[in-house]
Each structure stands twice: as C-alpha cells, then as structure tokens.
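What follows is a set of notes on a single structure, which appears directly below.
The values are calculated or read from the model by the stated rules, or taken from the named source; none is laboratory data. Predicted, not measured: the structure shown is a model, and the values here were computed from it. Neighbour counts are summed over all protein chains in view; Cβ atoms, including those assigned to glycine, are modelled from backbone coordinates with ideal geometry. We work out accessible area using only protein heavy atoms, side chains counted, and drop any ligands, DNA or RNA first. Shrake-Rupley method; radii C 1.70, N 1.55, O 1.52, S 1.80 Å.
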Amino acid sequence: MAFASVVVKAQSGFNYYEFGVGTGASYGKAEADLKKQDYHPAFNLNFVYNYSPYLPITAELQKGTFSGGGATRAEDFSGRYFTNSYVSFNLHADLQAGEIMDYADSWFLDRVKNFYVGTGIGFIYNNMTRIERFNRFPENGPVFPDPNSGEGFQGVNKGFNLILPLRFGYEFKIFDDYDQPRYGIDIGIQHYYDIGEGIDGYNDNPNKFKNNALDQYTFITVGFKYNFGNTTSYNKLIRKFQY
C-alpha cells in the first residue's frame, strides 16, 4: 500500500480522464443571400474522446434557428424572408497549444497552452418554417411569379447539407482532488461553411442573381464539459504546482 501511494503521488498532475460529456450555448447569425440576418441562440450536446488532455475529439449535436430578410425594401431588395429551424451534427478535433509546445519552464506558455484551433466535418438539416418565394417589388428586378411557369425564387424548404467548421477558443481546465482535469469551461468562436446553399432556402441561378460566396454562419459559444472514465497518463505535466 505504501509503494502504491508513492507511485500515485509521482503521477500527480500527469493523468487525465479518457472521455467527457458536455453542453453549450451559442449566439450568432447566418451569412446568407439576404441583405438582413438576425441573431439567435443555439444549444448543443456533445460526447468527447480525449485523445490527450490537449486533443479532444468531439461528436456534437446542435439545435438552433436562422432567420433573415423581411417584407420591406430596407430588409431585402425583393422583400424575401426566411426562418430556418435547423439541427446539425458534426465531428471535430481541437488542437490545443499544449500538445505541440514545451511549456514546463514558462509561466506565460503555461497559460497559453489551452488555446486551440480546430476543424472537422458534419451535416445540417435545414427546415424552413417560414419563407417568401415571390418578389414583392417587381420594379427592383425580375417579375415573380414568372408569368409563364408560375415559379418564384428557387430553392428547397427542407434538406441536408455538408458543413465544414473552423474553431478557435480557449479551455479553462478545473482539476479534482486527484490533480486531473475533471471539468472544462470552453469559450470560443465557430465559423461554419455550408456546402449546398441551404441555410436560407434560396438557391437561384447565379447568372440572374448575385451570389459571391457559400452560405455561412458564425457563433460565439460558451461550453461546459465533465470528464470521466479511464485514467490515462500523459508525457508532460498537465497541472503545474506552486510551492
């Protein structure tokens, strides 16, 4: 028992938990084809595999709303508007600075080590609960509905699109009585690219309507993580002690 206690003491500050679960709240807006975009909250649940204390790999489920445009010229050139009640899922990995640098002898680097950049891949299910497909101000452009076909602005009300996230942030690690990071508080910015033009429900011919970029959206996020599971040893001191 005495030998075991010495071994545990020698590993104090090097160990971490293999898994984690968490939740988070975000606030942001879409950057889509309409002139005006609205800010909304979003919420997520996630499951984490801690490849190391500085490289979490996360499966994230998110629910939120996008909206934009309006029935006046000031809100959209053609009086279009939309509301998208979406659900997204993505897998992402966040590389924290502590994984790739030696912070052992630096007070400054020891505090920088929890900054991260990350990316991944996922999909978003778009569901337009409110959308305007016709031009309210035909003097501003083509007449919709088309007098020949009866069609309005093109696009789909429901569908899946591929998303690519870019992530930047900082994780505050909170240690337990075993000197292992039990909790994490994450503050970050996420920017997502939508491959498919589905965020606002509009996907008209670019030869007729200006469209210089993919649909995108950006969030500021605060998240909380609880780590658990097997205890694994790392090759660097995770927690520095002040004597």
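Taking residues in the stretch 79-106 that are β-branched (Val, Ile, Thr), and partners anywhere that are part of a strand (DSSP E or B) and open to solvent by 30 Å² or more (accessible area, probe 1.4 Å), the pairs with Cβ atoms closer than 6 Å and at least 6 places apart or on different chains are Thr83/Thr129; Thr83/Arg130; Val87/Lys63; Val87/Tyr125. Candidates are the residues of the stretch 167-195 that are under 21 Å from Asn127 (Cα atoms) and open to solvent by less than 40 Å² (accessible area, probe 1.4 Å); the one that is modelled with the lowest pLDDT is Asp194. Taken together, the residues in the stretch 196-243 that are open to solvent by less than 30 Å² (accessible area, probe 1.4 Å), at pLDDT 95 or above and among the hydrophobic types (A, V, I, L, M, F, W, C) amount to 1. State whether the residues of the stretch 88-110 include one that is open to solvent by 40 Å² or more (accessible area, probe 1.4 Å), farther than 30 Å from Tyr234 by Cβ and among the acidic types (Asp, Glu). No, the conditions are met nowhere in the stretch 88-110. When Leu164 is tested against (1) crowded, with 16+ Cβ neighbours inside 10 Å; (2) at pLDDT below 95; (3) among the hydrophobic types (A, V, I, L, M, F, W, C), just one condition goes unmet, and that condition is (2).
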